[in-house]
Amino acid sequence: MKARFKPLAFVFPAVLAALVSFAGSVSAETVTVYSARNEQLIKPLFDAYTKETGTKVQVLTDKEGPLLERLKAEGAKSPADVLITVDAGNLWHASRMGLLQPIKSSVLNTNVPANLRDPKGEWYALSIRARTIIYNKKFVNPSQLSTYEALAEPEWKGKLCLRTSKKVYNQSLVATMIATLGEKRTEDVVRGWVANLATEVFADDNAVIKAVGAGQCEVGIVNTYYLARALDKDPNMPVGLFWANQKERGVHVNISGAGVTRAAPNAAGGQRLIEWLSLETAQGIYTNDDFEYPVNQKVKPDSIIRHWGPYKMDLINVSKAGELQGAATRLMDRAGYR
């Protein structure tokens with residue numbers, strides 16, 4: 001197993017105090033980031049940026065919801081220059097709440113595919129998170145697998161494990177299915193998933209992977225980096241990955257991403273940081289430290305995920321995950337997906 005994560009002595013109150021102390025005195029040499037991303041991932045990125053450019057990065061981390069509410073409450077007095085978060089739905093909501101501003105960047109337009117950025121230019125993907133099918137190698141031949149929709153067929157009754165519908169990753173998956181399949185067809189699929197569950201839904205993807213590996217269920221749906229982390233710790237785990245819907249629209253992908261905040265004291269500095277995060281150095285950290293797929297196609301994925309081979313991704317603009325998230329949530333509730 002590779003030693004990838006370095007524990008950090010991050011204490012929220014201390015960081016908050018630091019932010020308050022310099023609010024209103026931010027210089028061009030400092031960029032302030034509000035981040036919903038794991039501190040263990042972004043700290044190496046910001047350290048590398050400071051080393052390369054001399055620009056200091058002040059960071060405040062929290063969950064997505066509290067960060068958006070904080071930005072809203074701070075209004076024009078917010079010290080934040082950049083918002084970084086996961087899931088296109090969260091970025092879409094930030095945009096709808098008026099918390100971001102459009103930026104024009106040939107660097108980002110070159111490095112970030114059009115389907116992975118806001119059509120209005122208010123946010124851009126920094127990494128790709130594919131959500132696909134996993135299976136127990138002892139019980140399932142990959143030739144039995146094909147699409148997300150097929151997991152709703154009677155063949156998989158009592159064999160499917162899922163993460164809770166409360167997680168935004170599943171809401172975004174269902175939202176993009178609504179956009180492609182329509183609401184009725186998608187609801188039929190989700191009802192089929194619920195009918196095929198082997199057990200109650202799990203709180204997170206790690207639990208789904210463990211259940212598939214243990215044979216509690218034969219198939220599941222997870223984000224690929226969770227499986228890569230599990231295989232990094234236990235290469236002999238009998239769990240395989242199958243790229244869903246390759247003969248059709250492609251596998252569902254989501255993103256982590258960033259935008260310059262509406263009230264940014266240092267908007268130019270914030271844009272420069274986001275542009276740097278799309279370059280080779282930062283993209284290498286994303287894939288080698290956290291097993292996510294780089295958004296910059298010049299960068300090769302980590303060897304563990306490269307082993308899974310190339311895949312066809314769903315090219316629907318990820319902003320649809322936000323636009324249809326409410327409809328997805330209501331649909332999953334009607335279908336009994338908890």
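Of note:
- Per DSSP, loop trypsin sites (Lys or Arg not before Pro) in region 198-292 with at most 11 further Cβ within 10 Å: Lys247
- Karplus-derived 3J(HN,Hα), 6.51/-1.76/1.60, for each residue of region 50-65, Hz, glycine and proline x: 5, 5, 7, 10, x, 7, 7, 10, 8, 10, 10, 10, 6, 5, 4, x
- Label-to-label distance, Glu155 versus Asp204, with points set 7 angstrom from Cα along the beta-carbon direction: 3.3 nm.
- Whole-Hz couplings from phi, Karplus 6.51/-1.76/1.60, listed for region 206-220; x for Gly and Pro: 4, 5, 5, 4, 4, 5, 5, x, 7, x, 5, 9, 9, 9, x
- In this Cβ point-charge picture (+1 for Lys and Arg, -1 for Asp and Glu), region 38-165 has a dipole of about 200 debye about its Cα centre.
- Along the chain, the exposed loop sites are chymotrypsin sites (Phe, Trp or Tyr not before Pro) outside DSSP states H, G, I, E and B with at most 15 other Cβ atoms within 10 Å, and the longest stretch free of them is 140-338.
- In the chain, the longest principal axis of the Cα atoms and the axis of helix 224-233 are about 90 degrees apart.
- Loop-located GluC sites (Glu not before Pro) in region 201-295, at most 15 other Cβ atoms within 10 Å (DSSP): Glu248
- Positive-end ranking of Val318, Ser303, Thr329 along the dipole of region 274-338, with charges on Cβ about the Cα centre, is headed by Thr329.
- Contact order relative to length of the chain, as percent, for alpha carbon pairs under 8 angstrom and 6 or more apart: 28 percent
- Summarising the amide proton neighbourhood of Phe202: residues at separation of 5 or more, or on other chains, whose placed amide H is nearer than 5 Å comprise Leu162, Arg163, Thr164.
- Helix 325-334 and the long axis of the chain differ in direction by around 30°, with both axes built from C-alpha atoms.
- Cα shape, the chain, gyration tensor, a/c 1.5 rule: prolate
- For the chain, the longest principal axis of the Cα atoms and the long axis of helix 168-181 meet at an angle of about 70 degrees.
- Near the amide H of Lys159, within less than 5 Å, lie the amide hydrogens of Ala198, all on another chain or at least 5 residues away, with H placed in the peptide plane.
- Dividing the mean sequence gap of close Cα pairs (under 8 Å, 6+ apart) by how many residues region 184-243 holds gives a relative contact order of 27 percent.
- Long-range HN-HN contacts of Phe291 with modeled amide H, under 5 Å: none
- The chain: antiparallel DSSP beta bridges as a percent of all, rounded to 5: 65 percent
- Long-range tail of P(r) for region 34-137 (Cα pairs > 17 Å, %): 61 percent
- Cross-link reach is defined here as a Cα-Cα straight distance under 13 Å, omitting same-chain residues fewer than 8 places apart; for Lys137 the aspartates and glutamates meeting it are Glu218.
- Computed from backbone phi, the HN-Hα couplings of region 251-268 come to 6, 5, 10, 10, 9, 9, x, 8, x, 7, 6, 4, 9, 3, x, 10, 4, 5 Hz, rounded to whole numbers (Karplus: 6.51 cos²θ - 1.76 cosθ + 1.60, θ = phi - 60°; Gly and Pro given as x).
- Computed over the chain, the per-residue total of -39500 (n - 2.57) for DSSP H runs of n ≥ 4 gives a 222 nm mean residue ellipticity of -12500 deg cm²/dmol, rounded to 500.
- The chain: most fluctuating residue of Asn245, Asn196, Asn141 per GNM, C-alpha cutoff 10 Å: Asn141
- Global geometry of region 197-338, whether rounded, prolate or oblate, following the gyration tensor of its Cα atoms and the 1.5 cut on a/c: oblate
- Over region 84-136, accessible surface divided per residue gives 30 Å², non-protein components excluded, 1.4 Å probe.
- Carbon and sulfur %, accessible surface of the chain computed with the full protein complex present, 1.4 Å: 53 percent
- Using Cβ point charges alone (K and R +1, D and E -1), the dipole size of the chain about the Cα centre works out to roughly 220 debye.
- The trypsin sites (Lys or Arg not before Pro) of region 34-123 that meet both conditions, a loop assignment by DSSP and at most 15 other Cβ atoms within 10 Å of the site Cβ, are Lys63, Lys104, Lys120.
- Using the 1.4 Å probe convention, the accessible area of region 141-293 works out to 35 Å² per residue with neighbouring protein chains retained.
The values are calculated or read from the model by the stated rules, or taken from the named source; none is laboratory data. No experiment lies behind these values; they were computed from the predicted model shown. For neighbour counting, all protein chains shown are included, and Cβ atoms are generated from backbone atoms with ideal geometry for every residue, glycine included. Just the protein is used for accessible areas: all its heavy atoms, side chains included, with ligands, DNA and RNA removed. Shrake-Rupley method; radii C 1.70, N 1.55, O 1.52, S 1.80 Å.
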